[in-house]
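Enquirer: Below you will find the structure I want to go over with you.
The values are calculated or read from the model by the stated rules, or taken from the named source; none is laboratory data. Remember, predicted model here, so these are calculated numbers, not experimental data. When we count neighbours, we look across all protein chains shown, and the Cβ atoms used for this are built from the backbone with ideal geometry, even at glycine.
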Amino acid sequence: MNTTKTDFSRLKYNPKKLETLDLKTHEQLLRSFKQKFTGPAALCTSIYKSWKIDDRILLIPRLVHQQRTIAVGHMNYTTFEQHVGNSTVVYRTVDDVGRAQNVCGQINQIFTFNIPKRKGVPSQVQLWFEVERFKKLTPSDQRKHHFEDWPHLRTHVVYDMKAKKDYIQIDQIIGHAATWTLPEQSFGIKRKAILVVDLTKNGLVQFDETI
């Protein structure tokens, strides 16, 4: 997604409306942050107050401003509980060995947080999304449908369940997707499954069986 014309200086962040991330989410957010950005980073919680202050370490706060919807450019993104369509997205991430992949999931949380200023570096508000990724089919079930033979249909089949949570930023979102719950036993797939239709406008997105 092209974000060059987006003014991120206007991101909503109200210190009076902050909520605390649970520890697991905070730790996963830190891992995603380290995966995307270079330089040392650490959790900014009370347990670390005994550490010696080091201006080189970027502290990731646990207090965030939760939001149910946000508009970026001409696109609206919402949490799943607000709007199924606006929460379903195709996005880029990396696997456990660092390989890039395009996947699909639904937005569970949208939040901003403020990174405290460091020596010579002003404070910065960042926008993050927690996305629950759809679970990909097993190889045997993948062979039961033939949508991958027709890539221009922009249609994929996944299980109707979530595999994991990803923490991403807006530049990783490719676009929205639509979903349709398949009838039981469709294509001979015994587990509940759904169709995912890629709605992106920037050309064909290759999933490479990495949903």
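Enquirer: Without any contact (Cβ under 8 Å) to a residue 40 or more places away in the chain and surrounded by fewer than 18 Cβ atoms within 10 Å (Cβ to Cβ), is that true of GLN185?
Expert: yes
Enquirer: Can you name every residue in segment 62-86 that is more than 15 Å from TYR167 (Cβ to Cβ), free of Cβ contacts under 8 Å to residues at least 40 places away in the same chain and either of a type in the set (Val, Ile, Thr) or out of contact with any helix residue (DSSP H, G or I) (no Cβ under 7 Å at 6 or more places or on another chain) (or both)?
Expert: Passing the criteria: ALA71, HIS74, THR78, GLU81, GLN82, HIS83.
Enquirer: Still on this model: Any residue at all in segment 159-174 that's of a type in the set (Val, Ile, Thr), surrounded by fewer than 17 Cβ atoms within 10 Å (Cβ to Cβ), modelled with pLDDT of 90 or more and under 24 Å from the mean Cα position of the chain (by Cα)?
Expert: No: segment 159-174 contains no residue that is of a type in the set (Val, Ile, Thr), surrounded by fewer than 17 Cβ atoms within 10 Å (Cβ to Cβ), modelled with pLDDT of 90 or more and under 24 Å from the mean Cα position of the chain (by Cα).
Enquirer: Condition check: among the small types (Gly, Ala, Ser), at pLDDT below 90 and assigned to a helix (DSSP H, G or I). Does GLY85 satisfy that?
Expert: Yes; evaluated as a whole, the condition is true for this residue.
Enquirer: For segment 67-78, which residues satisfy the criterion of being out of contact with any Lys or Arg (no Cβ under 8 Å at 6 or more places or on another chain) and either in a strand (DSSP E or B) or β-branched (Val, Ile, Thr) (or both)?
Expert: Residues satisfying the conditions are THR69, ALA71, VAL72, MET75, ASN76, TYR77.
Enquirer: Right, something else. Could you grab the pairs with beta carbons closer than 6 Å, sequence gap of 6+ or different chains, first residue in segment 129-145 and in contact (Cβ under 8 Å) with a residue 24 or more places away in the chain, second one in a loop (DSSP other than H, G, I, E, B) and surrounded by fewer than 18 Cβ atoms within 10 Å (Cβ to Cβ)?
Expert: Within 6 Å, the pairs are LYS135/MET161.
Enquirer: Examine segment 115-129 for a residue that is within 12 Å of the chain's Cα centre (by Cα) and among the basic types (Lys, Arg), and state whether such a residue exists.
Expert: Within segment 115-129, none of the residues are within 12 Å of the chain's Cα centre (by Cα) and among the basic types (Lys, Arg).
Enquirer: I've got another one for you. Out of the residues in segment 1-38 meeting the condition of being assigned to a helix (DSSP H, G or I) and among the polar types (S, T, N, Q), tell me which one is modelled with the lowest pLDDT.
Expert: SER9
Enquirer: Would you confirm whether any residue within segment 45-61 is under 22 Å from TYR159 (Cβ atoms), out of contact with any helix residue (DSSP H, G or I) (no Cβ under 6 Å at 6 or more places or on another chain) and buried (at least 18 other Cβ atoms within 10 Å of the Cβ)?
Expert: Checked against the condition, which is being under 22 Å from TYR159 (Cβ atoms), out of contact with any helix residue (DSSP H, G or I) (no Cβ under 6 Å at 6 or more places or on another chain) and buried (at least 18 other Cβ atoms within 10 Å of the Cβ), segment 45-61 yields no hits at all.
Enquirer: Which of the residues belonging to segment 95-146 are surrounded by fewer than 18 Cβ atoms within 10 Å (Cβ to Cβ), small (Gly, Ala, Ser) and not in a helix (DSSP H, G or I)?
Expert: Answer for segment 95-146, where residues must be surrounded by fewer than 18 Cβ atoms within 10 Å (Cβ to Cβ), small (Gly, Ala, Ser) and not in a helix (DSSP H, G or I): GLY98, ALA100, GLY120, SER123.
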